[in-house]
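The values are calculated or read from the model by the stated rules, or taken from the named source; none is laboratory data. This structure is a prediction, so every number in the text was calculated from the model and none was measured. Glycine gets a Cβ as well: all are built from the backbone with ideal geometry, and neighbour counts include every protein chain shown. With ligands, DNA and RNA removed, areas are computed over all heavy atoms of the protein, side chains included. Shrake-Rupley method; radii C 1.70, N 1.55, O 1.52, S 1.80 Å.
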Amino acid sequence: MSQHPDINTNVDATSLTDDQKSFDNNATNDNEVAPDGNKHIRIVNTFMKRRTHMNKNAELALTAPEFAHYLVNNSFGDGNLEGIDDLRALFAELPNGSEAPLTLEIGFGLGDSFIEMAAAEPSRNFVGIEVHEPGIGKCAYMAGTQNLSNVRIINGDAIQLLKQLPENHIDRIQLYFPDPWQKKRHHKRRFVSPERMAIVTRSLKQGGWFHTATDWEHYAFWMVEVLDGFAGLSNQAGAGNFTDRPDFRPMTKFERRGLASGHGVWDLIYLKD
């Protein structure tokens, strides 16, 4: 979790406020056999979706027709991803076209940094996936008020979406400040795991990258261990090393406040071999 209310905060999920996210940046569900060994399957979630306050701008963007083109699916619904199997096709009739560089951000929170990045790089297409309706609405509102033509927003489970996409489809996948699930018994819920990274890597183009950042030290070193040991990905900074925060990742006021208080932030960029 991060100091950024658009993403997560360094607190236990049970104490999150309405303005804080309590899910692992729109991660996914994994099937797991119940502890008693029977055939009942329970779901291991990497996010916890909570109802939070929605401001008027966010609600407007979810209901007004002038924002509808930013919303790929049912933003007020259950995150049904049926039929979403080609992100590039979402931009086919737009100025950049379908062949422009494509970034997917998993769990953009309220969308501030996501929109800032899209506005700063108009020749690149950006797709954000999120489960938090107020964040989806705010993100669409900001995209609309800036008249961005390189943004599309999806409501739903990121891993389920990635499973539906073609191989070698995306240039960059971003996961900023995911929930670290700090308790040991919850580590299986962490997004960065060998099983999930196999799904992520499959949809990356050769030479494409996976970029993640965290302000939770234990999770940072967990991710280095998992990702350095994952065949098919190479640490841009060299094995065991972190990357300096790239200029294209906006630093929010909450991140600055955390750094001023002595909190660390760790970036990792891995390239697909």
- For H69, put the label point 7 Å out on the Cα→Cβ axis and report which residues of the range 120-157 keep their amide N under 18 Å from it. 122-128, 139-154
- Scoring only Lys, Arg, Asp and Glu (+1, +1, -1, -1) among other residues with Cβ under 11 Å from the Cβ of T243 yields 0
- Take L60, project a point 7 Å from its Cα along the Cβ direction, then tell me which residues of the range 122-164 have their backbone nitrogen under 17 Å from it. 134-148
- Item | Spin-label proximity, A120 to the range 153-185 - amide N less than 18 Å from point 7 Å beyond Cα toward beta carbon | 172-177
- Where Lys and Arg each count +1 and Asp and Glu each count -1, what net charge lies around L87 among other residues with Cβ under 11 Å from its Cβ? -1
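What order, most packed first, do the peptides 149-161, 223-235 have when packing is the mean number of other Cβ atoms within 10 Å of each residue? Walk me through the numbers on the way to the answer.
Details: 149-161: 22.7, 223-235: 16.8.
Put in order of decreasing packing, that is 149-161, 223-235.
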- Ranked highest first by average number of other Cβ atoms within 10 Å, how do 57-70, 96-109 line up? 96-109, 57-70
- Ignoring ligands, DNA and RNA, what percent of the accessible area of the range 64-131 is carbon or sulfur (1.4 Å)? 51
